[in-house]
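Heads up: the structure comes next, in structure tokens.
Read the figures in this text as sums done on the coordinates, not as results from a lab. All values derive from a computational prediction rather than experimental measurement. Every residue, glycine among them, receives a Cβ derived from its backbone with ideal geometry; neighbour counts consider all protein chains shown.
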Amino acid sequence: MAQYIDIRTLNFLLNDIHGLNQLLQLPRFQEHDLESLTMFLDSVKDFSDRELYPCFKEMDEKPAYFEDGKIIVHPQIGTAMKQGGELGLMRLPLTHEEGGLQIPLLIHTAAYAIMEAANNHVPGYLGLTYGAAELILYFGNEELKNKYAPKMLDGEWAGTMCLTEPQAGSSLSDITTSAVPAGDGSFRMKGQKIFISGGDHEYVDNLIHLVLARIEGAPAGTKGISLFVVPKKRLNADNSLSPNDVTTAGDFQKMGQRGYCTSHLIFGEKDDCHGWLVGEAHKGLKYMFQMMNGARIAVGRGGAAIALAAYHASHAYAQERPQGRRVQDSGKKDVTQEPTLIINHPDVRRMLLFQKAVGEGSLSLVFQAARYYDLSVASVDEKDRKKYYLLLELLTPIVKTYPTEMGTQSVSNGVQVLGGYGYCSEYILQQYYRDIRIFPIYEGTTGIQSIDLLGRKMMMENGTASRLLAQEINETIQAALTHDDFKKYAKTLGANLKLTADVMDFLGGFAKNGEFERYLSDATIFMEFLGTIVVGWQWLKMAVEAKNALLAGKTDYPESFYESKIHTMKFYFKYEMPKTTSLAETLMSEEVLTVVEEKEGAWLND
Ligand SMILES: Cc1cc2nc3c(=O)[nH]c(=O)nc-3n(C[C@H](O)[C@H](O)[C@H](O)COP(=O)(O)OP(=O)(O)OC[C@H]3O[C@@H](n4cnc5c(N)ncnc54)[C@H](O)[C@@H]3O)c2cc1C
């Protein structure tokens, strides 16, 4: 079987970079040890090898489709839900009281990254079920918790998140799905939701939709949105199930992730769709957003996983494909000489190193966020919990964006490594390329994440979160400065922190003047700028750890493994970090070329 993830790198990141063992000292996680968690991840890898990877290509070739009011998905989805439930994949980070296993989110993230690298069409069915159950467990009343959560955590029932409507995508304040009290404690639901991932299939007994809707008479905008549990089938007093007037109207046919169905659902066509309020009325969006951190980390994780799988595929190809001769060989034009393998051409090596740098750097970033999450819920000291919560909040839009945007670019490089074969369906690279393209779009587009980062997170609590992040980065800089040959990288990272402060000073001027549209107009450029720096930080961290291990003669991994981490850090600092200078120049330019003026649209029409 082709390699789709390097478990050594995964373990290095978990243990040596993100301090899994240290997390396990916290009371919340104390019952687990490294050995049992390693065995658990081994079983997830085994499950992925057996059940997920072998049908990855087939799911693309035989996509989910709509027929006679139903969505037909690949039968392996049924196996995945069942075995996923048995493996506990829907209950890992939840507490025992919630029915969970109280395992760090860091391990949950690693487990899902393995599955996503094997077959990114499947883990969403499990992950959404976990996310929906988590929402019910956090905010629902006892009745909702008891009725729905246990079967969802077992994988017998699946869950979805229903936010998007035809007219309300990025702007959830425009949601119109309505909820009218039915007089029996439930609400009559009416409306349409589109693009609902995992929205319907036959391999579970019931689907539990978490639906954002407006109670009749609720205030306009986001303050009037409530959250409802709307099952596809109602659970009767005798535990039988009967239809709940949820109609599947279609399945969107997509360029990628074709095994992961994307449904159009209609609630209440016959005025008989019942929903149950989760928590308090009008607080639905707040509840949903509390869960968004997890969902956004999950999307970044998926981007990182696909980028890594694509790296392994193009790396394997480059080691087998002979083409041309090395420039340095005098026989470049001498066709009697054996051709070299393409991996020996510097340009191919550059593309592969770019893929490796983005893939592994992204995975480390995603793990960083998972660690902050764990510390934000499990730290003993309340001050620490607050600190890590702020760090997580700041990092979340970057974690959603860098692995997905740069992951897309890195997979494109992977296609390029294969030349013409990269474009052909016989090879897997084109599938990764089509699959990853959705990741910068769903769960909040890059544009929306960037506005969140610059408009809210950078300024959060008077800039406390950004100061905390700078402190964390500074710790790595100090560690790198202890090695003479790392000083220049440490200084580059330090200079980038200073540059970030300069950019914020410049842009902050617009915010202070009330020119908010101007302030946010280049938010996506700012995201690229800060994302590049933050992943540079991850690489320096990895390189320092690798250097220390080499100096100490550690043998957890071969020398070449540690050296490869240092080499990739150097690659990142030579090829990626300099981009921040030009991005900063754009960000601090006085010219305004994108904000709508009176001559609206003029520059685009002519
Ligand atoms: C395969 C797939 C699966 C999905 N799964 C789910 C799901 O399970 N549940 C669910 O509820 N939704 C789901 N979605 C919906 C997804 O979250 C939305 O598509 C996404 O949020 C964008 O909304 P939109 O498509 O309406 O685009 P629009 O909101 O119309 O955006 C179009 C463009 O305008 C930009 N834009 C919009 N508003 C602004 C602004 N204020 N400032 C700057 N730029 C802006 C966007 O960045 C984007 O580039 C899914 C979508 C797809 C394609």
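Quick look at the numbers
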item: Per-residue Cβ neighbour rank within 10 angstrom, fewest leading, ASP272, ASP334, ASP238; result: ASP238, ASP334, ASP272
item: J(HN,Hα) series, the stretch 467-477, from Karplus relation 6.51 cos²θ - 1.76 cosθ + 1.60, nearest Hz, glycine and proline x; result: 5, 4, 5, 4, 4, 4, 5, 4, 4, 5, 4
item: Positive-end residue, the stretch 363-483 charge dipole about Cα centroid, Cβ charges, pick of LEU375, SER466, LEU391; result: SER466
item: Two-site FRET efficiency, LEU551 against ASP33, from Cβ-Cβ distance with R₀ of 30 Å, rounded to 0.05; result: 0.60
item: Relative contact order, percent, the chain [alpha-carbon distance under 8 Å, six or more residues apart]; result: 12 percent
item: Inter-label distance for LEU604 and THR581, nm, one decimal - labels placed 7 Å from Cα along Cα-to-Cβ; result: 3.4 nm
item: FRET E, pair HIS567, ASP272, Förster distance 60 Å, beta-carbon r, rounded to 0.05; result: 0.40
item: Net charge dipole size for the stretch 446-591 [Lys, Arg +1 and Asp, Glu -1 on Cβ; Debye, nearest 20]; result: 380 debye
item: Listed residue (LEU520, TYR130, VAL348) projecting farthest to the positive dipole end of the chain, Cβ model; result: VAL348
item: Gain in span if fully extended, LYS487 to GLU591, counting 0.36 nm per residue against the direct Cα distance; result: 33.9 nm
item: Signed unit charges on C-beta, dipole axis of the chain, positive-most listed residue PHE187, SER425, LEU277; result: SER425
item: FRET efficiency, ASN236 to ASP49 (Cβ-Cβ, R0 41 Å, nearest 0.05); result: 0.50
item: Estimated 222 nm signal from helices in the chain, with DSSP H stretches of n ≥ 4 weighted -39500 (n - 2.57), rounded to 500; result: -17000 deg cm²/dmol
item: Difference of contour (0.36 nm per residue) and Cα-Cα distance, ARG385 to SER171; result: 73.9 nm
item: Length added when fully stretched, GLU61-GLU475, from 0.36 nm per residue minus Cα-Cα; result: 144.2 nm
item: Highest average packing first - 547-553, 533-539, Cβ atoms within 10 Å; result: 533-539, 547-553
item: Per-residue Cβ neighbour rank within 10 angstrom, fewest leading, GLU116, GLU591; result: GLU591, GLU116
item: Label-point separation, GLU461 to ASP184 (7 Å along Cα→Cβ), nm; result: 4.7 nm
item: ³J(HN,Hα), Karplus 6.51/-1.76/1.60, whole Hz, each residue of the stretch 83-89, x for Gly, Pro; result: 5, x, x, 5, 6, x, 6
item: Relative contact order (percent, whole number), the stretch 446-591, Cα cutoff 8 Å, 6+ residue spacing; result: 28 percent
item: The stretch 383-476: GluC sites (Glu not before Pro) in DSSP coil with no more than 16 other Cβ atoms inside 10 Å; result: GLU426
item: Cα-centre dipole for the chain with unit charges at Cβ (Lys and Arg positive, Asp and Glu negative), debye to 20; result: 900 debye
item: Distance between the stretch 334-369 and the stretch 161-239 - C-alpha centres, whole angstrom; result: 46 Å
item: Residues TRP276, TRP603 arranged by fewest to most Cβ contacts within 10 Å; result: TRP603, TRP276
